[in-house]
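Have a look at the structure below, then the notes.
The values are calculated or read from the model by the stated rules, or taken from the named source; none is laboratory data. Everything numeric here is computed off the predicted structure, so don't read it as measured data. Backbone-built Cβ (ideal geometry, glycine too); neighbour counts: all protein chains shown. Surface areas here come from the heavy atoms of the whole protein model, side chains and all, with no ligands, DNA or RNA. Shrake-Rupley method; radii C 1.70, N 1.55, O 1.52, S 1.80 Å.
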Amino acid sequence: LKKLYKTKLLPLEEHYKFHEFHSPALEDADFDNKPMVLLVGQYSTGKTTFIRYLLEQDFPGMRIGPEPTTDSFIAVMQGDVEGIVPGNALVVDPKKPFRKLNAFGNAFLNRFVCAQLPNPVLESISVIDTPGILSGEKQRISRGYDFAAVLEWFAERVDRIILLFDAHKLDISDEFSEVIKALKNHEDKMRVVLNKADQIETQQLMRVYGALMWSLGKIVNTPEVIRVYIGSFWSHPLLIPDNRKLFEAEEQDLFRDIQSLPRNAALRKLNDLIKRARLAKVHAYIISSLKKEMPSMFGKDNKKKELVNNLGDIYARIEREHQISPGDFPNLRKMQDQLQAQDFSKFQPLKSKLLETVEDMLANDIAQLMVLVRQEESQRPTQMVKGGAFEGTLHGPFGHGYGEGAGEGIDDAEWVVARDKPMYDEIFYTLSPVDGKITGANAKKEMVRSKLPNTVLGKIWKLADIDKDGMLDDEEFALANHLIKVKLEGHELPNELPSHLLPPSKRKITE
């Protein structure tokens, strides 16, 4: 990827001043660094606490409180010793992917630090904590740097953006809606966490969830819904424990999503490079069109004004001529603002060789890389985020779903199905058993009463017919009914029959 970028895409970007308009050139560290998770939210939604919850330890520079406490961007990264690296030192370190942040100036760099500490979670991901988003014009001015632009810079480079909301205050302030709009084009990386959900009753929680989806729908204009995880991400007792099972399931889903980041990191970088190449291509067409329209001698200023005002028509023409999707064009208003400060006479005319090289990269090189990525994934051990909160529920009785559904009775000395066996036996003896067994046809008549689809009943039959003789004895029949009950209660069926569900008389067969 690094080689492709430097030899094929970078020359096009430099030729048409792509870096002045969109985003700075990529460096080696952008390709080499670990997957990053960016946390964004209004103040006091629990961003810093969320990081502490994942790491299960404090990190340098951490401050938690109900008022806006985190006033800096903190990159929490792996390091051999605990410590803080200030922003100005960070942006000159070639090993860190932050060198291009120096463009945001001292006001920002004084509010940017890297907290380093040894932690197993940080061996595979880095987390970026952001200042709490405030409401009102006053706060926006007092920051001294373009907050939305900094977040957009990070959004381009991170693997996951987590928007945190507090279940008590769902109002999306002006600055927050501006920030979410700045994260446009990165909806695929966005996830939403409705935090502190243990502090409200179930009925209220449903209303809050509905209100949040409505607010998000107005700001994030995508046809599909952003995934929202509901929970309480800190290590204190739940205030209202009614929804405990829901929170556990949601937490597991979110953890799985974060744990998959290292595995998909190469694909994400590939995807981002394709996005960048498409934007750079369109940018080249726009700049060369403007150059072509400029007079060689007189009236340059008037022509420039006219071209900037008619930029929408130029977009439409390029779209028609080169069959480019409208979604690949940069924001019209923003582009017009940027063009005001540019000297059009220094723009370059269309150089088709540069564009052909990028086309070739997208058509051939990227396709070959995709195959390589897949091969590499299948040969290497699965990469997952380990340690911290991710370990807490992996093993032992506090694993998600332990002792529920098919896992019920896992630690009991006696067979769990035996509790309801007398009831199942009554049904069994009405199905005319011969030599203590009923035929598949007779068993089917009874099993279809559950109204479960044949695919599910077929799986239950396979699990229950332990000796594979096409018939069920009383224990196998009781087991089949137990598995039907498990499925009807909303649990998943196991692929293999767990050892604790084996009927006592069959345990010797399988051994």
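Charge dipole of the chain (Cα centre as origin; +1 on each Lys and Arg Cβ, -1 on each Asp and Glu Cβ, all else neutral): 2260 debye, rounded to the nearest 20.
Given R0 = 41 Å, the distance between the Cβ atoms of residue 256 and residue 426 translates into a calculated FRET efficiency of 0.45. Rounded to the nearest 20 debye, the dipole size of the range 300-450 about its Cα centre is 980 debye, using +1 on the Cβ of Lys and Arg and -1 on the Cβ of Asp and Glu.
Which of (i) 1.04; (ii) 1.25; (iii) 0.99 is the computed Cα Rg over 2.2 N^0.38 Å for the structure on display? The calculated read-out lines up with (ii).
Here the relative contact order of the chain, from alpha carbon pairs under 8 Å that lie six or more residues apart, stands at 15 percent.
Given the -39500 (n - 2.57) contribution per DSSP H run of 4+ residues, what per-residue ellipticity at 222 nm results for the chain, rounded to the nearest 500 deg cm²/dmol?
Working: 23 runs with 230 residues, N = 511.
Roughly -13000 deg cm²/dmol at 222 nm, from the helical runs in the chain.
Sparse packing (at most 15 other Cβ atoms within 10 Å of the Cβ) combined with a DSSP loop state is found for the following GluC sites (Glu not before Pro) in the range 159-209: 201.
For the chain, the residue among 243, 51, 388 whose Cα projects farthest onto the positive side of the dipole built from Cβ charges is 51.
With the simple spin-label model, which puts each label point 7 Å out from Cα in the Cβ direction, the residue 2 to residue 434 separation comes to 7.4 nm. Across the range 36-260, C-alpha contacts under 8 Å between residues 6 or more apart give a mean separation that, scaled by the residue count, equals a relative contact order of 23 percent.
How much accessible area per residue does the chain have, counting only protein heavy atoms and a probe of 1.4 Å, in square angstrom?
Details: 25780 Å² over 511 residues.
Per residue, the chain has 50 Å² of solvent-accessible surface.
Along the axis of the charge dipole computed for the range 413-497 (Cβ charges of +1 for Lys and Arg, -1 for Asp and Glu, origin at the Cα centre), the listed residues 470, 422, 456 are led at the positive end by 456.
Run the accessible area of the chain with a 1.4 Å probe and give the carbon-and-sulfur part as a rounded percent.
Details: 13420 of 25780 Å².
For the chain, the apolar C and S fraction of the accessible surface comes to 52 percent.
Think of the chain as a dipole: +1 on every Lys or Arg Cβ, -1 on every Asp or Glu Cβ, centred on the Cα centre; then among 340, 29, 151, 340 lies furthest on the positive end. Sorting 12-19, 309-316, 35-42 by average packing, meaning the other beta carbons within 10 Å per residue, from highest down gives 35-42, 12-19, 309-316.
Taking the Cα centre of the range 36-260 as origin, work out the dipole magnitude from +1 charges on Lys and Arg Cβ and -1 charges on Asp and Glu Cβ, in debye rounded to 20.
Numbers: 25 positive and 30 negative charges, 88 e Å.
Rounded to the nearest 20 debye, it is 420 debye.
Based on Cα contacts under 8 Å between residues 6+ apart, the range 239-388 shows a relative contact order of 42 percent.
When you filter the chymotrypsin sites (Phe, Trp or Tyr not before Pro) in the range 227-312 for DSSP loop state and at most 16 other Cβ atoms inside 10 Å of their Cβ, you are left with 234, 298.
Using R0 = 30 Å, the C-beta based FRET efficiency linking residue 171 and residue 202 works out to 0.85.
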